[in-house]
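All remarks here apply to the structure that follows.
Where a number appears in this text, it was derived from the coordinates with a stated rule and is not lab data. Remember, it's a predicted structure, so these values are computed and weren't measured experimentally. FYI the Cβ positions are ideal-geometry reconstructions off the backbone, even for glycines, and counts take in every protein chain you see.
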Amino acid sequence: MSELKFIFTGPPGVGKSTAIAAVSEFAPVVTDVLATDELSDIKAQTTAALDFGEITLDDGEKVRLYGTPGQRRFSFMWEILIEGGLGLVILVDNSRPDPLADLDIYLENFSGFIRDTGAVIGVTRMESHPQPDLDDFAAHLERHGLALPVLEVDIRRREDVVQLLDVLMMTCEPA
Ligand SMILES: Nc1nc2c(ncn2[C@@H]2O[C@H](COP(=O)(O)OP(=O)(O)O)[C@@H](O)[C@H]2O)c(=O)[nH]1
Ligand SMILES: [Mg+2]
């Protein structure tokens, strides 16, 4: 039996753990440890290994949700996590200095996976940081030759995360 598996990625503190916790049907498995590097000023805890949760879709199918470790020193795990994955959610924190450059890191690291499967981009903290706006993201993606859906989300809200997953399902479904 194949498992349906979606992966959440994005910079540390963007909300991967929060998003998975918002929709998971059981208390998500979170493996955070104290930040020991450049992040320790920003966050007391950061994801060292991964997040894991599960959600049942309207059609009864169960989907496993994994969050990638945010810190670059754990990036070797990204390859392992995406194995067999059905699609990728890239979360971007619009309050960071250069959200489009952040996005590029994940577009590059997951380029093969994005080409073979599908991806959706969720932009957080737009309520306080409206720039770059969704048009800027779309134009940026177009320059990369990509046409990925970009949504404004507050991943603390369950319905926003569900919407991301719905859109991802649609982009991943074979025509
Ligand atoms: N104000 C605001 N806070 C957000 C938004 N999205 C995420 N957050 C907060 O950002 C933090 C993300 O932390 P966490 O989920 O641990 O990030 P992770 O490192 O990606 O797993 C949480 O405190 C969220 O409540 C948003 O759209 N607006
Ligand atoms: Mg986390």
Computed over segment 4-172, the relative contact order (Cα-Cα under 8 Å, seq sep at least six) in percent reads 25 percent
Hey, what number do you get for the chain at 222 nm if only DSSP H runs of n ≥ 4 count, each worth -39500 (n - 2.57), divided across all residues, to the nearest 500? -9500 deg cm²/dmol
Per-residue HN-Hα couplings for segment 12-18 [Karplus 6.51, -1.76, 1.60; θ = phi - 60°; Hz; x = Gly/Pro]: x, x, 6, x, 4, 5, 5
Using the basic label-point model (7 angstrom from Cα toward the beta carbon), what is the Glu25 to Glu83 distance in nanometres? 2.6 nm
DSSP beta bridges in the chain, what fraction antiparallel, as a percent rounded to 5? 40 percent
If you place +1 on the Cβ of every Lys and Arg, -1 on the Cβ of every Asp and Glu, and leave all else neutral, what size is the dipole of segment 75-149 about its Cα centre, to the nearest 20 Debye? 80 debye
Burial ranking of peptide ranges 146-156, 12-22 (average Cβ count within 10 Å, highest at the top): 12-22, 146-156
Tail weight of P(r) past 22 Å, computed on alpha-carbon pairs of the chain, percent: 40 percent
Given springs between every Cα pair under 10 Å in a Gaussian network model of the chain, which of Thr31, Thr68, Thr124 has the largest fluctuation? Thr31
Could you give the length gained by full extension between Gln131 and His144, i.e. 0.36 nm per residue of separation minus their alpha carbon distance, to one decimal place? 2.7 nm
With +1 on each Lys and Arg Cβ and -1 on each Asp and Glu Cβ, and nothing else charged, work out how big the dipole of the chain is about its Cα centre, in Debye to the nearest 20. 380 debye
From the phi of every residue in segment 86-102, what ³J(HN,Hα) in whole Hz does the Karplus formula 6.51 cos²θ - 1.76 cosθ + 1.60 yield, where θ is phi - 60° and glycine or proline is x? 9, x, 10, 9, 9, 9, 10, 8, 6, 8, 7, x, 9, x, 5, 5, 4
